[in-house]
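Shown next, in structure tokens, is the structure this report addresses.
The values are calculated or read from the model by the stated rules, or taken from the named source; none is laboratory data. Just so it is clear, the model here is predicted, and its values are computed rather than measured. For neighbour counting, all protein chains shown are included, and Cβ atoms are generated from backbone atoms with ideal geometry for every residue, glycine included. Please note that ligands, DNA and RNA were not included when accessible areas were found on the heavy atoms of the full protein model with its side chains. Shrake-Rupley method; radii C 1.70, N 1.55, O 1.52, S 1.80 Å.
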Amino acid sequence: MTAPSGAIVRRCGSVYRPVMTKARIAIVGDFDRRKPSHWATEAALFHAAASVGVAVEPLWVSTPSLATVDDTQMLARFNGIWGAPGSPYASMAGILNAIRYARERDVPYLGTCGGFQYALLEFTRNVLGIRDADSAENNSTSENIVIRPVYCATPGASPGAPRLAGPGVARPVPGTLLETLCGAGDLAEEYFCSFETNAAFVRRWHDAGMAVAARGADGEMRALELRQKRFFIATLFQPQLSSSYENPHPIIQGFLRACASSAPAAIRSGDH
């Protein structure tokens, strides 16, 4: 896909460039044609691809297909992994296995909404060693609830809508990759969820190497990153919902740039 000559991306001020390379993206989640965010995820990848000069090839990978560690070997043919919205997932083990694969093998990872929440679960279980860490959404009896119901609901939310739905603020934390990508000003982002982080765990995540990358209006954790990785960012908001061809989202652009410079694991290991 080659964008029109001379077209400008207003969000970042960059000029469209000819397609030079390809990035294969595993969108890990359980595709549901009734969810606008799932269609928006693919569209946002193509928006970003046109602006950064990458031919993107997205493929949905269901969570049940990754239910065992051995199953994750199929991810070796991808340049990047996107943890899609849609929790609770058909296979909790599948989404956690995919995120662990990305983190341990330094495969570029972007998680949005559920992909953010489960990145925290995976990190808490496998890095902090809290094996029963869980989300309140799963009706868990665990004493270590990492993801809890949204404390402050969006004013005027429609009946039946998630507690945090529609436009909301996300403030990049100084010195983070997210700030480098998006700038220092407040971001107007789209949310669609009923669950957020348990602030009691933030210090422990930080001490283990995870950085808070953005905060909400009241200081709530709204994005994370692992700075020792080539690209590992996850957001509670859904950048795909505010992306367009004219204004591709800078987080997704950064993700694709990292993917384009990352050979699939199968190639890196010499297994063609």
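Things to note:
- Residues in the stretch 171-194 that a label on T21 would reach, taking backbone N under 19 Å of a point 7 Å out along Cα→Cβ: 181
- Interchain or long-range residues, amide H under 5 Å from V150's placed H: F195, E196
- Cβ-based net charge around W60, under 9 Å, with every Lys or Arg adding one and every Asp or Glu removing one: -2
- Scanning residues 5 or more positions from G80 or on other chains, those with amide H under 5 Å from its amide H are R24, A26, with H placed 1.01 Å from N in the peptide plane.
- 3J(HN,Hα) from dihedral phi, the stretch 30-35, Karplus parametrisation 6.51/-1.76/1.60, rounded to Hz, x for glycine, proline: 10, 4, 9, 5, 7, 9
- Net charge contributed by nearby residues that have their C-beta within less than 9 Å of P239 (K/R +1, D/E -1): -2
- Protection proxy ranking, highest mean first, for peptides 216-225, 169-178, 234-243: 234-243, 216-225, 169-178, where packing is the per-residue count of other beta-carbon atoms within 10 Å, averaged.
- Other residues lying with their Cβ under 11 Å from the Cβ of I145 contribute a combined charge of -3, Lys and Arg counting +1, Asp and Glu -1.
- Anisotropy class of the stretch 31-81 from Cα gyration tensor, a/c 1.5 cut: oblate
- Karplus-based coupling profile of the stretch 203-208, in residue order and whole Hz: 4, 5, 4, 4, 5, 8, with θ = phi - 60° in 6.51 cos²θ - 1.76 cosθ + 1.60 and x standing for Gly or Pro.
- The residues of the stretch 62-157 expose on average 38 square angstrom of accessible surface per residue, using a 1.4 Å probe on protein heavy atoms.
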